[in-house]
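As structure tokens, the structure follows; a few thoughts come after it.
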Amino acid sequence: MSLSDPMFYAYLLVILAGFLPTDVFRFAAVLFARRLDEESEVLLLVRAVATALLAGVIARLVLTPTGDLAGVPLWIRLSTIAAGVAAYFLFRKSVLAGVIAAEIVIIGGAVLFR
């Protein structure tokens, strides 16, 4: 790739406008996070807000789905949550196990009961 190649400037733009600005903040966050106490009130609040936002998004997806998910019956969508939570605890709080179990239930239910 030479300097006269238009793709060179496209890659340069991606690096300068997309990668570097966010990477600076990520690096600063790593440096700043070293001095934080994990049990501080502020971090507990941040963790609680993040968990509540995630729960809200999941509830919205399950209770008022759009697109192809709207065609999957509600009882399958609720079973997906139950299977994911059960697998999470059965496999010693493994998030990966919970996600895989939920995916199996939702895909299997969608294929079988649609």
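The values are calculated or read from the model by the stated rules, or taken from the named source; none is laboratory data. In this text, all values refer to a predicted model and were calculated from it rather than measured experimentally. Backbone-built Cβ (ideal geometry, glycine too); neighbour counts: all protein chains shown.
So which residues in region 38-51 are of a type outside the set (V, I, T), surrounded by 10 or more Cβ atoms within 10 Å (Cβ to Cβ) and under 22 Å from the mean Cα position of the chain (by Cα), if there are any at all? Working first, answer last.
Of region 38-51, the ones of a type outside the set (V, I, T) are 38-41, 43-45, 47-48, 50.
In the following step, the residues that additionally are surrounded by 10 or more Cβ atoms within 10 Å (Cβ to Cβ) were identified as 40, 43-45, 47-48, 50.
L43, L44, L45, R47, A48, A50 - these are the residues of region 38-51 that are of a type outside the set (V, I, T), surrounded by 10 or more Cβ atoms within 10 Å (Cβ to Cβ) and under 22 Å from the mean Cα position of the chain (by Cα).
Among the residues of region 34-70, how many are of a type in the set (D, E, K, R) and either part of a helix (DSSP H, G or I) or at pLDDT 95 or above (or both)? Spell out the reasoning first.
First pass over region 34-70, keeping only residues of a type in the set (D, E, K, R): 34-35, 37-39, 41, 47, 60, 68.
Pick out the ones that are also either part of a helix (DSSP H, G or I) or at pLDDT 95 or above (or both) and you get 41, 47, 60, 68.
Summing the residues that are of a type in the set (D, E, K, R) and either part of a helix (DSSP H, G or I) or at pLDDT 95 or above (or both) in region 34-70 gives 4.
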How many of the residues in region 80-95 are more than 19 Å from V57 (Cβ to Cβ) and either charged (D, E, K, R) or assigned to a helix (DSSP H, G or I) (or both)? 6
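Would you confirm whether or not region 107-114 contains a residue that is in a loop (DSSP other than H, G, I, E, B), hydrophobic (A, V, I, L, M, F, W, C), at pLDDT 95 or above and more than 19 Å from the chain's Cα centre (by Cα)?
Step one: filter region 107-114 for residues in a loop (DSSP other than H, G, I, E, B), giving 113-114.
Now drop any that are not hydrophobic (A, V, I, L, M, F, W, C), which leaves 113.
Retained after the next criterion (residues that are at pLDDT 95 or above): none.
No, region 107-114 has no match at all.
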Is there a residue being in contact with a helix residue (DSSP H, G or I) (Cβ under 9 Å, 6 or more places away or on another chain), within 23 Å of L112 (Cβ to Cβ) and surrounded by 10 or more Cβ atoms within 10 Å (Cβ to Cβ) anywhere in region 19-37? no
